[in-house]
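The values are calculated or read from the model by the stated rules, or taken from the named source; none is laboratory data. All values reported here derive from a predicted model rather than from experimental measurement. Cβ placement follows ideal geometry from the backbone for every residue including glycine, while neighbour counts extend to all protein chains displayed. To get the accessible areas, we keep the full protein, side chains included, count just its heavy atoms, and leave off ligands, DNA and RNA. Shrake-Rupley method; radii C 1.70, N 1.55, O 1.52, S 1.80 Å.
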Amino acid sequence: MDRIAANKSAHEERPIGSWNGFAVLAIGVTLVAVAIWVLVHAITSGRSSSVGGLVGAVLVFMALMALGVLLLAGLYTVQPNEAAILQLFGSYRGTTRLTGLRGTNPFYTRRKISLRARNLNGERLKVNDKRGNPIEIAAVVV
């Protein structure tokens, strides 16, 4: 009985939280801009004469740039009637149905699936019943 309950929970959809994509975009672009400003300011100011000041500025530049790029790498979009499945190294973490620009862990793999209802219209067929009467049949599968 426990084995059946364990398998049942493995097939349930788990909602997962994501961040507002515009806020993540603003923070990421700001971090990249500040990183570039730090590097340019260190080179053009008097700190370029001291090796320690320039090395420190380059380290700050690399840290800010890496953080900004990681934030921007976590951006994705979800269209209406669509969902995104988020996986971390192949392990299912959850599904988000919130539409628009979203931000999440940049290491998540995002796979989009369609939630649209699809219709399949079968052609009309003319058949005869047991007595020879003509009958038209058709099928619509949703």
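Condition check for GLY94 on (1) touching a Pro at 6+ places or on another chain (Cβ under 7 Å); (2) free of Cβ contacts under 8 Å to residues at least 60 places away in the same chain; (3) not in a helix (DSSP H, G or I): one failure, at (2).
Among residues that are touching a helix residue (DSSP H, G or I) at 6+ places or on another chain (Cβ under 9 Å) and either within 20 Å of ARG14 (Cα to Cα) or not hydrophobic (A, V, I, L, M, F, W, C) (or both), THR104 is included. When THR109, THR99, THR77, THR95 are checked against the criterion of being among the hydroxyl-bearing types (Ser, Thr, Tyr), open to solvent by 40 Å² or more (accessible area, probe 1.4 Å), over 14 Å from GLY21 (Cβ atoms) and touching a strand residue (DSSP E or B) at 6+ places or on another chain (Cβ under 6 Å), a single residue qualifies: THR109. Pairs meeting the criteria (first residue in segment 56-75 and farther than 30 Å from THR96 by Cβ and assigned to a helix (DSSP H, G or I), second residue of a type in the set (D, E, K, R) and at pLDDT below 90, beta carbons under 8 Å, at least 6 apart or on different chains) are ALA57/ARG47. Would you mind stating whether PHE89 is exposed (fewer than 11 other Cβ atoms within 10 Å of the Cβ) and modelled with pLDDT of 90 or more? Spelling it out, PHE89 is indeed exposed (fewer than 11 other Cβ atoms within 10 Å of the Cβ) and modelled with pLDDT of 90 or more. Candidates in segment 23-32 are the residues that are in contact (Cβ under 8 Å) with a residue 60 or more places away in the chain and out of contact with any strand residue (DSSP E or B) (no Cβ under 6 Å at 6 or more places or on another chain); of these, the one that is least open to solvent (accessible area, probe 1.4 Å) is ALA23. Selection of strands (runs of 3 or more DSSP E) fully inside segment 101-142 by the criterion of at least 3 residues being farther than 30 Å from GLY68 by Cβ and without any contact (Cβ under 8 Å) to a residue 24 or more places away in the chain returns 125-128, 134-137.
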